[in-house]
Amino acid sequence: MQKIKTLVFTGGEIHDFKGCGRATVETLSASGEFDIDLVEEDLDMLLASRLASYDLIVLYYTVGEINDAQKNGLLNFVASGKGFVGLHSAADSFKDCPEYQAMVGGYFVTHPHYREYQVSVVDPEHPITKDLTEFMVRDEQYILDFDSRVHVLCSALWKGTAVPVAWTKSWGKGRVFYLALGHDVEACHHEMFQLLLRRGALWAGMPSEAQG
């Protein structure tokens with residue numbers, strides 16, 4: 001099988017994007033299914049001309065602003081039939097861009113203290129979560145405002161309410177996978193984060209015709 005040409009794009013404030021970016025590359029590289037470039041901070045990487053050669057973008061970014069050309073490059077890239085994987089703070093990026101938030105499917109509202117909590121698998125039949133059950137993580141739980149039309153794969157309780165941890169959605173002809181886990185390098189080394197990242201990237205980056 002031809003490898004999925006993948007851009008891992010990282011940057012922004014607050015999080016250790018360098019460490020988490022390297023951990024992301026290591027996880028995807030270990031599967032042997034991805035041909036990966038890692039780019040840090042350069043938002044012009046989102047321009048249409050620079051994304052053209054890729055099948056998939058994996059984004060670990062926090063806050064920041066994008067201009068119209070960068071926004072259109074990213075959104076049109078995905079809508080054309082390519083893949084997008086947003087990790088953790090991808091839901092807390094480009095807050096002044098409602099179109100970006102619509103593509104991701106939701107946005108960050110708040111989080112409790114970094115702690116251990118249980119993640120439940122809502123859909124054990126989806127290729128990303130197939131045959132998985134609940135599992136424990138030590139991570140920063142993101143509380144999200146999200147589009148009710150997203151397909152929730154995993155959730156976790158917060159104040160008695162189930163909050164999404166992972167979901168899929170479409171954007172035009174493209175495929176979007178969002179995973180709220182991965183606050184720091186330790187969290188990115190958790191075996192379930194690695195499994196969901198690998199499966200989610202494969203699902204999002206696979207050509208449409210190969211998915212049936």
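Quick note: the coordinates plus some simple rules give every number you see, no bench work behind them. As the structure is a computational prediction, the values presented were derived from the model and not from experiment. Glycine gets a Cβ as well: all are built from the backbone with ideal geometry, and neighbour counts include every protein chain shown.
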Amide H of residue 62 versus every other amide H placed in the peptide plane: which residues, excluding those fewer than 5 positions away on the same chain, fall under 5 Å?
11, 12, 13
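What is the Å³ per residue value for the convex hull set by the Cα atoms of the chain?
Details: hull volume 23.2 nm³, N = 212.
Hull volume normalised by residue count: 109 Å³.
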Relative exposure of 110, 6, 62, judged by other C-beta atoms within 10 Å (fewest first)
110, 62, 6
In whole Hz, with x marking every Gly and Pro, tabulate ³J(HN,Hα) for the stretch 132-139 from phi via Karplus 6.51 cos²θ - 1.76 cosθ + 1.60, θ = phi - 60°.
8, 10, 5, 8, 9, 9, 10, 6
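Please compute the alpha carbon radius of gyration of the stretch 112-200, then divide it by the globular-protein estimate 2.2 N^0.38 Å. Two decimals is fine. If you can, show how the numbers build up before the last one.
Details: Rg = 12.5 Å, N = 89, 2.2 N^0.38 = 12.1 Å.
Here the Cα radius of gyration is 1.03 times the empirical estimate.
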Going by how many other Cβ atoms sit within 10 Å of their own, how do 183, 113 line up, fewest first?
113, 183
Given H placed on each backbone N at 1.01 Å, which residues far from residue 163 in sequence or on other chains put an amide H within less than 5 Å of it?
156, 157, 158
Inter-part gap, Cα centre of the stretch 122-151 to Cα centre of the stretch 165-189, in whole angstrom, is 9 Å
The long-range amide H neighbours of residue 122, using H built 1.01 Å from N in the peptide plane and a cut-off of under 5 Å, are 154, 155
